[in-house]
Amino acid sequence: MTAPRPIPEALLERYLANDLGPDERRSVDERLAASAPDRARLDAMRADSAAFLIKHPPGPVAAKLAEPSRARGFIGWLAPLALAAAAFIAVVMLKPPPEPDIGLKGDVALAVFRQTEGGAERVESGATLKAGDKLRFEVRAKEAGYVAIVSRDGAGAVTVYYPFQGTTSAAYRPEEALLPGAIALDETPGEEVVWAVYATKAFELDSVMKAVAAGGAPAAPFARVSWTKK
């Protein structure tokens, strides 16, 4: 007999955030009752107090195209919820605020959200941030493919933030636009630029990092957001 598929992490996050309708919640309850591993994952997410609510359900792709953004000044990467460790900074309930849908104008769009006491707020290009601010990335594309988040900080250092310290792109699905994990800004001051790079096929990150380090743009479709850290 084939084992049931695990409950998607995004669905568990919405379950914890009470963002499901009665029928959806009843369905998740039934799946949890039949799956001890899923119950353990849910308990771990609840214990970490880090249930990130995905506010954009599957449907037409919509988002604002981002502008230049760079980010090497980050203290560290907050791992996916179920793998959160004591060495990482805990992030509680980072929930992107609702916003009007805007048609995707290119191949990829990027939005950045900063954790606040009341939930989260979108980081617009040109914003001023500070060390310790916790951020999460949302990437919008019209079809499944591969994505990476690459940053260059005020000192010119380039870092791969998603997949964290990876050498190749990570698989992407439009219905899971809000990427897992979060980062916390370190103390490196100055302008930071974060690039979301997307392609329909997997790609190596070496050439992307070299282009960004040289002040250029990746060859693959990209979106970017920038801010100043003080």
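Each reported figure results from applying straightforward, stated rules to the coordinates on display, with no laboratory input. A quick note: this is a predicted structure, and the numbers were derived from the prediction, not measured. Positions of Cβ are backbone-derived with ideal geometry, glycine not excepted, and every protein chain shown enters the neighbour counts.
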Exercise. Using amide H atoms built 1.01 Å from N in the peptide plane, name the residues 5+ places from G154, or on other chains, whose amide H lies under 5 Å from its own.
Key: R72, G73
Quiz item: Among F203, F164, what is the fewest-to-most ranking by other Cβ atoms within 10 Å?
Solution: F164, F203
Quiz item: At what distance in nm do the modelled label points of E143 and S207 sit from each other, each positioned 7 Å from its Cα along Cα→Cβ?
Solution: 2.0 nm
Quiz item: So between R5 and R39, what do we pick up on full extension, going 0.36 nm a residue minus the alpha carbon distance?
Solution: 10.9 nm
Exercise. For V123, list long-range residues whose amide hydrogen, built 1.01 Å from N in the peptide plane, is under 5 Å from its own amide hydrogen.
Key: V112, F113, R114
